[in-house]
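In what follows, a structure is listed as structure tokens, so that the remarks can point back to it.
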Amino acid sequence: MKKTEFYVGTQLIQDKFIICGINPDLSLASALPEIFRQFLGELNKESLSEIKILIAHQITDLKGQTIRDLNLDSGDYLFFYRPSLALVKLQLIPPKRFKDVHPGWVIEKPVVLIGREDEIAPDIDLTPLLRDPLRVSRKLAWLKEDKNKWTISLHEDGRTPVYVDQVHLEPGKSIDINDESIISFGSSIQEPDLKLMVRLSSN
């Protein structure tokens with residue numbers, strides 16, 4: 001019987017993923033360079049032909065499956081990956097008037113991006129809650145958890161003012177987020193475009 005030969009990743013990859021939403025009708029020639037630029041920077045002297053692009057899907061049920069069921073072709077890659085989860089779960093709760101529009105977000109990953117919908121969507125897409133989405137940067141701010149503590153910092157492309165408990169978030173700085181903190185987005189702290197309340201809970 002002919003064997004299926006594939007590569008195995010022996011070193012666990014790091015959990016630094018960001019959810020990416022993109023128009024499925026875009027050509028690969030235009031979509032892949034844009035994804036690369038948004039998350040990894042400009043190609044500079046490199047070209048996509050010099051970079052390995054791997055597409056993976058998660059295997060959730062090992063019972064009764066064979067190698068053939070995985071549809072592995074010779075030369076494919078198989079990676080083993082242990083995802084990391086935040087030790088403290090963070091929930092972002094919109095004002096009550098949005099209860100029929102959006103339920104809010106429950107965040108269990110240690111790093112997520114806040115912004116608005118574009119060809120590539122952030123983890124936390126504020127678009128459904130904004131009267132004028134263009135008033136919020138596509139890539140606005142990072143939420144990060146480290147050693148049971150959450151912080152927020154502006155993305156380098158973030159231009160929209162962000163406040164945490166009425167403290168202005170400055171570029172290059174981070175602010176601690178506590179249970180029941182209020183994160184406000186918009187140029188006016190008195191009348192922001194959107195407010196989200198924070199709830200923290202241990203996993």
Between D179 and H57, Cβ-based FRET efficiency (R0 41 Å, step 0.05) works out to 0.70
Ranked by how many other beta carbons lie within 10 Å on average, peptides 52-58, 91-97 from highest: 91-97, 52-58
Just how far, in whole angstrom, is segment 56-125 from segment 132-203 if you go by their alpha carbon centroids? 21 Å
Restricting to segment 88-202, compute how many DSSP beta bridges are antiparallel as a %, nearest 5. 95 percent
Could you give me the ³J(HN,Hα) list for segment 68-80, computed from phi with Karplus coefficients 6.51, -1.76, 1.60 and θ = phi - 60°, whole Hz, x at Gly and Pro? 4, 5, 7, 6, 6, 9, 4, x, 5, 10, 10, 10, 9
List, in order, the whole-Hz ³J(HN,Hα) value for each residue of segment 119-135 obtained from phi through the Karplus relation with A = 6.51, B = -1.76, C = 1.60 and θ = phi - 60°; use x for Gly and Pro. 4, 10, 8, x, 4, 10, 9, 7, 3, x, 9, 10, 5, 10, x, 5, 7
Of the listed pairs K52/K147; K109/K195; K52/K144, those with alpha carbons more than 31 Å apart are K52/K147
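Any read-out appearing in this document is the output of simple, stated calculations on the displayed coordinates, not a laboratory observation. Predicted, not measured: the structure shown is a model, and the values here were computed from it. As a convention, Cβ positions derive from the backbone with ideal geometry for all residues, glycine included, and neighbour counts pool all protein chains shown.
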